[in-house]
1. With the requirement that a residue be more than 22 Å from MET18 (Cα to Cα) and aliphatic (A, V, I, L, M), what does segment 137-196 give you?
2. For segment 112-148, give me each residue that is among the small types (Gly, Ala, Ser) and either within 17 Å of MET1 (Cα to Cα) or open to solvent by less than 50 Å² (accessible area, probe 1.4 Å) (or both).
3. On the basis of being of a type in the set (D, E, K, R), buried (at least 18 other Cβ atoms within 10 Å of the Cβ) and over 16 Å from PRO4 (Cβ atoms), does ARG151 make the cut?
4. Can you pull out every residue in segment 88-102 that is touching a residue at least 24 places away in the same chain (Cβ under 8 Å), over 9 Å from ALA57 (Cβ atoms) and not aliphatic (A, V, I, L, M)?
5. When you check TYR47 against the structure, is it in a loop (DSSP other than H, G, I, E, B), open to solvent by less than 70 Å² (accessible area, probe 1.4 Å), of a type in the set (Phe, Trp, Tyr) and modelled with pLDDT of 95 or more, yes or no?
6. Looking at (1) open to solvent by less than 60 Å² (accessible area, probe 1.4 Å); (2) of a type in the set (Asp, Glu); (3) closer than 27 Å to PRO135 by Cβ, can you tell me which one ASP90 breaks?
7. So how many residues does segment 57-81 have that are of a type in the set (A, V, I, L, M, F, W, C), assigned to a strand (DSSP E or B) and surrounded by fewer than 20 Cβ atoms within 10 Å (Cβ to Cβ)?
8. Among the candidates GLY194, GLY105, single out the residue that is open to solvent by 20 Å² or more (accessible area, probe 1.4 Å), in contact with a Leu (Cβ under 7 Å, 6 or more places away or on another chain), at pLDDT 95 or above and of a type outside the set (D, E, K, R).
Amino acid sequence: MRLPPLPSPPKPLTPEQMARRVVGDRPAEVTSPITVSPYDPEWPAMYAREEARIRSALGARVLAVDHVGSTAVPGLAAKDRIDIDLIVADPAAEDAYVPALASTGYTLRTREPHWYEHRCLWNADHSVNLHVFGPDCDEYLRHVIFRDWLRTHPEDRDRYTTRKFEAAAEHPLSMAHYVAGKGQIVVEILQRAGLR
């Protein structure tokens with residue numbers, strides 16, 4: 001796997017930026033406090049069920065599918081929501097995958113053409129964020145590298161856990177500020193994983 005470039009620490013999205021990425025009637029921001037929960041050993045099984053649904057719906061259109069994010073790291077505290085990265089030939093060609101995923105209960109909720117053509121779909125109860133990227137996408141590679149590093153470096157996993165709890169307490173009603181609040185430690189860990 002090639003090493004993508006190191007990202008800059010994220011800045012919180014403005015309310016206008018948050019609103020522009022919204023698809024449909026979903027709120028632009030969280031409506032209840034962000035809660036970070038202890039690791040749940042059921043998360044891998046939840047992922048496996050969703051992966052099977054995605055592969056069944058899309059068949060050969062799936063170029064890759066991976067369990068990413070904190071729920072993919074044993075022992076790591078997380079929001080109780082599975083993050084999945086789906087790689088398709090062209091995320092902008094929504095007709096090639098969104099209707100098939102909609103037939104299994106997924107709804108397109110985020111469209112960010114300026115950021116790797118990222119799309120995000122939610123399942124019915126929003127227990128899954130299905131992130132869609134294109135082949136060889138830097139962000140997808142960073143997700144996999146970050147996950148794999150945390151799986152094998154418990155000291156960084158624990159540092160990240162601590163920062164997640166702190167960021168959720170500091171910004172309980174802003175996903176944009178919560179994500180930005182974790183940004184510096186994410187960059188530091190990716191540097192230790194070899195990104196430059």
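The values are calculated or read from the model by the stated rules, or taken from the named source; none is laboratory data. The model shown is predicted, which means the values in this text are computed figures rather than measured ones. Positions of Cβ are generated from backbone atoms using ideal geometry, with glycine treated the same way; all protein chains shown enter the neighbour counts. Note: accessible area is taken over every heavy atom of the protein model, side chains too, but ligands, DNA and RNA are not part of it. Shrake-Rupley method; radii C 1.70, N 1.55, O 1.52, S 1.80 Å.
1. LEU141, VAL144, ILE145, LEU150, ILE185, VAL187, ILE189, LEU190, ALA193, LEU195, listed by residue number.
2. Of all residues in segment 112-148, those among the small types (Gly, Ala, Ser) come to 124, 127, 134.
Result: SER127, GLY134.
3. Values: of a type in the set (D, E, K, R): yes; buried (at least 18 other Cβ atoms within 10 Å of the Cβ): no; over 16 Å from PRO4 (Cβ atoms): yes.
Here the answer is no, as ARG151 does not meet what is asked.
4. Selection gives ASP90, PRO91, GLU94.
5. Answer is no for this residue.
6. (1)
7. Adding up the residues that qualify gives 2.
8. That would be GLY194, the only listed residue that is open to solvent by 20 Å² or more (accessible area, probe 1.4 Å), in contact with a Leu (Cβ under 7 Å, 6 or more places away or on another chain), at pLDDT 95 or above and of a type outside the set (D, E, K, R).
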